[in-house]
Amino acid sequence: MVVFLILPVVIIYFLGLLNVRLITRLLFVFTRSTSAVVWLLALIFLPGTFIHEMGHFLFAEFMLVKTDDLHLVPEIIDDNSVKLGGIRVEQTDVIRRTIIGLAPILTGILLMWIASYIVLTYFAYSMWALFAYIYLLIQVTHTMFSSRKDLEGAVFGFLAISIIIALLVWISTIIYIPAFAKVIQDIEDFAVRHVAYLRYGLWYGVVVDVLISLSTWTVLKLLRR
């Protein structure tokens, strides 16, 4: 089951990179202006960029790490890729830095999970809800992944967090604490009941991103004829 959750996240990551580059090239074909491309990208992905940066901000504030210099306008960087927005986070320990760096991914996945549950449970036959759901998937899947700077030390931090969680679970199997055991059981029960909605959201995101890739690539090919 874990594979079916991790695999779409990895696919979405690479599709998001591909689509931003394809869209950038398509916009440049029409505008022939780098500044125009930057501003159009800012407009297209503004909601997703806001969600991304707010993920950084909220997690940082919750963990008492100062932030400043929030901006939502993308910029084209040296390797011809596009950076969508940014926020400056003060130096902190590797654990908190990792969590703050991964915050947009966690926020994006959570939003897709909640949206999938609401739409598929209560608005499955509403066309407007479907359009809103697809729009959310487009925004989140193209902006939720952190930049290289955000992910500095993420590998070591993620391993540290995983080890800590594994130790806590192992300890709970040896030393029985009723309150702690109940919390673990409640989390497991919730995940079993609702994890299908998360899986649906992630794979629907993959489908939407593939369609964007194919359509954008096709338009570029037609314009080059």
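For Phe45, enumerate residues with amide H under 5 Å from its amide H, sequence gap 5+ or separate chain, H modeled in the peptide plane.
Amide H neighbours of Phe45: none.
Under a 5 Å amide H to amide H cut-off, with H placed in plane at 1.01 Å, what residues pair with Leu70 once short-range neighbours are removed?
Arg88
May I ask you to list the chymotrypsin sites (Phe, Trp or Tyr not before Pro) in segment 84-137 that are in a DSSP loop and have at most 10 other Cβ atoms within 10 Å of their Cβ? Before the final figure, lay out the partial values.
On the way: sites: Trp113, Tyr117, Tyr122, Phe123, Tyr125, Trp128, Phe131, Tyr133, Tyr135; in loops: Phe123, Tyr125.
Sparse-neighbourhood loop chymotrypsin sites (Phe, Trp or Tyr not before Pro): Tyr125.
Could you put His142, His52 in order, starting from the residue whose Cβ has the fewest other Cβ atoms within 10 Å?
Numbers: His142 26, His52 30.
Result, fewest neighbours first: His142, His52.
We did not get these values from a lab; they are worked out from the coordinates using the rules stated. Here the structure is a predicted model, which is why all the values come from computation and not from measurement. With ideal geometry, Cβ positions are generated from the backbone for all residues, glycine too; neighbour counts draw on all protein chains shown.
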